[in-house]
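S.K.: The structure's right below; bear with me while I get my questions together.
The values are calculated or read from the model by the stated rules, or taken from the named source; none is laboratory data. Computed from a predicted model, the values in this text were never measured in an experiment. Because the Cβ atoms are built from the backbone with ideal geometry, glycine has one as well, and the counts that use them run over all protein chains shown. Accessible surface is based on the protein model in full, side chains and every heavy atom, while ligands, DNA and RNA are left aside. Shrake-Rupley method; radii C 1.70, N 1.55, O 1.52, S 1.80 Å.
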Amino acid sequence: SLSKSFGPTRAVNDLNLQVERGETLSILGPSGCGKTTTLRMIAGLETPSSGTILSNGQNITNLPARARNMGMVFQNYALFPHLNVFENVAFGLKTRRLSADVIEQRVTKALASVRMDGTARRPVHELSGGQQQRIALARALAIEPEVLLLDEPLSNLDPSLREDLRDQIRSVIQTLSVTTVFV
């Protein structure tokens, strides 16, 4: 029964859904129907007006985003322009205060999973849109999330690149068997 209002506007109204472990759920709908708001509530970036969010049977509705094990890939990638590829992918790991060895291993694994090996020291502004999107996906995967949230990750790409990246994302999701909500 998840709902979210912004003043008099009801963005999400009494939403009920369940995603099983390892399953991919796609949310489709027209612009302004509440898809991104729903993802942001699941991630802990928006507070629901009413309702409950459960993960593995635990109520996480009031947990801050940093306390949820969720990786989010934003439509605009949300990469830090002053950080290189490695530092962008490692960001969530550093905030979790993991050891340098664990961070190195996870960043290497995440970059390999999106076929971006060898780019760790490159500045993100030197990468193409498709490469930046793969770095954003690697950052979300590096934390080994329970749930991967994808907010229109292909909308800013040209059609041929969109198709290729869609197939890559599907392959990564299937290989890692990560629960995914895809707008």
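S.K.: Within the stretch 1-19, count every residue that is assigned to a strand (DSSP E or B) and open to solvent by less than 70 Å² (accessible area, probe 1.4 Å).
M.R.: 7
S.K.: It is to be established whether one or more residues within the stretch 97-119 are touching a strand residue (DSSP E or B) at 6+ places or on another chain (Cβ under 7 Å) and either part of a loop (DSSP other than H, G, I, E, B) or of a type in the set (A, V, I, L, M, F, W, C) (or both).
M.R.: No, every residue in the stretch 97-119 fails to be touching a strand residue (DSSP E or B) at 6+ places or on another chain (Cβ under 7 Å) and either part of a loop (DSSP other than H, G, I, E, B) or of a type in the set (A, V, I, L, M, F, W, C) (or both).
S.K.: Going by the conditions given, is L93 in a loop (DSSP other than H, G, I, E, B) and surrounded by 14 or more Cβ atoms within 10 Å (Cβ to Cβ)?
M.R.: no
S.K.: Pick from L127, L79: which is touching a Ser or Thr at 6+ places or on another chain (Cβ under 9 Å), among the hydrophobic types (A, V, I, L, M, F, W, C) and closer than 25 Å to D158 by Cβ?
M.R.: L127
S.K.: For the stretch 20-77, which residues satisfy the criterion of being of a type in the set (A, V, I, L, M, F, W, C), open to solvent by 70 Å² or more (accessible area, probe 1.4 Å) and in a strand (DSSP E or B)?
M.R.: Listed by number, the list holds a single entry, L54.
S.K.: Among (1) in a loop (DSSP other than H, G, I, E, B); (2) more than 22 Å from G22 (Cβ to Cβ); (3) open to solvent by 20 Å² or more (accessible area, probe 1.4 Å), there is one condition L157 misses while meeting the rest; what is its number?
M.R.: L157 satisfies all of (1) in a loop (DSSP other than H, G, I, E, B); (2) more than 22 Å from G22 (Cβ to Cβ); (3) open to solvent by 20 Å² or more (accessible area, probe 1.4 Å) except (3).
S.K.: Collect the residues in the stretch 97-150 that are β-branched (V, I, T), farther than 12 Å from L79 by Cβ and open to solvent by less than 70 Å² (accessible area, probe 1.4 Å), keeping them in residue-number order.
M.R.: Scanning the stretch 97-150 gives V102, I103, V107, V114, T119, I143, V147.
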